[in-house]
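Scroll down for the structure; my scribbles are underneath it.
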Amino acid sequence: MNKAALYGGIAAAALLGIGAFWLLAPERAPTGPLAVELRPGDAPFVAQGQELYEQYCASCHGANLEGEANWRRRNAQGRLPAPPHDETGHTWHHPDGVLFQLTKFGPAALVGEGYESDMPGYEGTLTDEEILAILSFIKSQWPEEIQLQHDGVNTRGGHR
């Protein structure tokens with residue numbers, strides 16, 4: 001066997017191995033926004049989201065979506081407190097796909113570079129549908145004007 005054929009075979013095997021790893025590896029946090037859509041007008045879905053919000057989110061983000069005090073200032077551990085999810089916060093400034101990713105994977109997975117946050121990712125705890133239900137509940141609580149502005153953020157892609 002000549003060297004070219006040997007090296008070609010090794011390269012082909014390596015590419016197949018990388019391809020197989022990529023296809024079979026556990027899901028990673030995507031780098032771009034996902035194409036998901038919240039359903040704040042779907043009453044049963046929103047009710048499910050409210051129950052899940054109360055169970056998984058209210059202890060930090062507040063029963064009324066008010067967030068923690070001084071949420072824009074880092075605490076003693078250098079982390080930002082939980083922000084409000086009502087109209088006074090910045091949640092509605094982000095497209096649906098980004099909100100979904102932040103909830104599923106946690107801020108650290110999206111921001112990277114050793115970012116520390118008390119917000120966990122809920123992958124493995126909540127299904128994708130449950131995450132969408134929670135986010136739909138949150139959006140349903142915003143005034144109509146804010147919901148319309150958020151719809152615009154989705155249309156434009158918003159900031160991340």
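The values are calculated or read from the model by the stated rules, or taken from the named source; none is laboratory data. No experiment lies behind these values; they were computed from the predicted model shown. A quick note on method: Cβ atoms are made from the backbone with ideal geometry, for glycine too, and the neighbour counts reach across all protein chains shown.
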(message) Yes or no: the range 90-102 includes at least one residue that is of a type in the set (D, E, K, R) and modelled with pLDDT under 95.
(response) yes
(request) Please enumerate the residues belonging to the range 90-105 that are over 13 Å from Cys57 (Cβ atoms) and either hydroxyl-bearing (Ser, Thr, Tyr) or free of Cβ contacts under 8 Å to residues at least 24 places away in the same chain (or both). (result) His90
(message) Just the residues that are modelled with pLDDT of 90 or more and either among the charged types (D, E, K, R) or over 8 Å from the mean Cα position of the chain (by Cα) (or both), please, taken from the range 103-115.
(response) Lys104
(request) Name, by its number, the condition in (1) surrounded by fewer than 19 Cβ atoms within 10 Å (Cβ to Cβ); (2) free of Cβ contacts under 8 Å to residues at least 24 places away in the same chain; (3) more than 17 Å from Glu37 (Cα to Cα) that does not hold for Asp151. (result) (3)
